[in-house]
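What follows draws every value from the coordinates through simple rules; no lab data is involved. On a predicted model such as this, the values are computed, not experimentally measured, just so you know. Cβ placement follows ideal geometry from the backbone for every residue including glycine, while neighbour counts extend to all protein chains displayed.
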Amino acid sequence: MNKAENDDYLEKALSGIPENFSGKLLEVPVGTGILTMPVYQTMPEADITCLDYSADMMGQAQEKAEHLRLKNVTFRQGDVGALPYADDTFDIVLSLNGFHVFPDKEAAYRELFRVLRPGGTFCGCFYVKGEQKRTDWFVRHVYEKTGFFTPPYETAFSLKKRLGKLYAAVTLGTVKSMAWFVCRKGLR
Ligand SMILES: C[S@@+](CC[C@H](N)C(=O)[O-])C[C@H]1O[C@@H](n2cnc3c(N)ncnc32)[C@H](O)[C@@H]1O
C-alpha cells in the first residue's frame, strides 16, 4: 500500500472524531502511539485514555506524549477483552489495527461496545481478508508467524454484518485490504 492509500484509510477511520472534540476518548490498542499522538496534539480539550497489552509498546507512546507535552492523555496497561472501565464511560472508542491482532475478538467487540456510551462513536480500521489475494497470502504465510496477525479474520461483508447487529448506524469502506469504519451506538 502506498502512502496516499495509507493516509486515506487512516483519515477515514479518524473521521469519527469531530473537530475540537472535548469529550472522553478511549484508544485500544495504542501501540507505540505513532499514528495518534500527533492527532491528540490537536485535541487539547479532550480527555484521552490509551490502553495496550504491551508495556513496551505503550512506553514508546508515553515517551511521544511527553515529548509533545500532552497533558490530557493517560496510559494504562490492560487487555481489550477485560477493560477496567464502567459501562458507558466513553464518548468515542478508537481502535486502529487491533482486531487482526487480538486473540479473543469476540471479547474485544463486546468490551469496546460496553464501555461506549449510548449515542457514542466506535471508529477505526483493521485488515480484512478477501480484498487482495497477495496480502491474504502474506498474512497467512508471513505475518501470522510474527504474532502480529491472529486469525480468524473478518471479510468486509462479515464485518459490516457484525457491526450492523451491534450499532445503530455503520459507515464502512475498504482501501485495499484495510477496512475502516465509523459506527454510532444506539440510544437506549
Ligand atoms: C499492530 S499494533 C497496532 C498499534 C497501533 N494502533 C498502530 O496502529 O500503530 C497491535 C497492538 O495490539 C496490542 N494488543 C494485542 N493484544 C491485545 C490485547 N488483548 N489487549 C490490548 N492490546 C493488545 C499489541 O500489544 C500491539 O501494540
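Some notes on this structure:
- Filter result for VAL39 (part of a loop (DSSP other than H, G, I, E, B) and within 16 Å of the ligand (Cβ to nearest atom)): no
- Residue count for the range 98-108 satisfying the condition of being within 14 Å of the chain's Cα centre (by Cα) and in a loop (DSSP other than H, G, I, E, B): 5.
- Test: residue in the range 81-97 that is of a type in the set (S, T, N, Q), near the ligand (Cβ under 9 Å from one of its atoms) and not in a strand (DSSP E or B): yes
- Which numbered condition SER54 fails, given (1) in contact (Cβ under 8 Å) with a residue 60 or more places away in the chain; (2) more than 19 Å from GLY124 (Cα to Cα): (1)
- The single condition from (1) buried (at least 18 other Cβ atoms within 10 Å of the Cβ); (2) farther than 24 Å from ASP8 by Cβ that ALA156 fails is (2).
- If the condition is being surrounded by fewer than 16 Cβ atoms within 10 Å (Cβ to Cβ) and among the polar types (S, T, N, Q), then the range 119-153 contributes THR146, THR150.
- Evaluation of GLY16 against (1) within 13 Å of the ligand (Cβ to nearest atom); (2) crowded, with 17+ Cβ neighbours inside 10 Å (one fails), failing number: (1)
- Residue in the range 59-77 that is more than 11 Å from the ligand (Cβ to nearest atom), crowded, with 22+ Cβ neighbours inside 10 Å and small (Gly, Ala, Ser) present: yes
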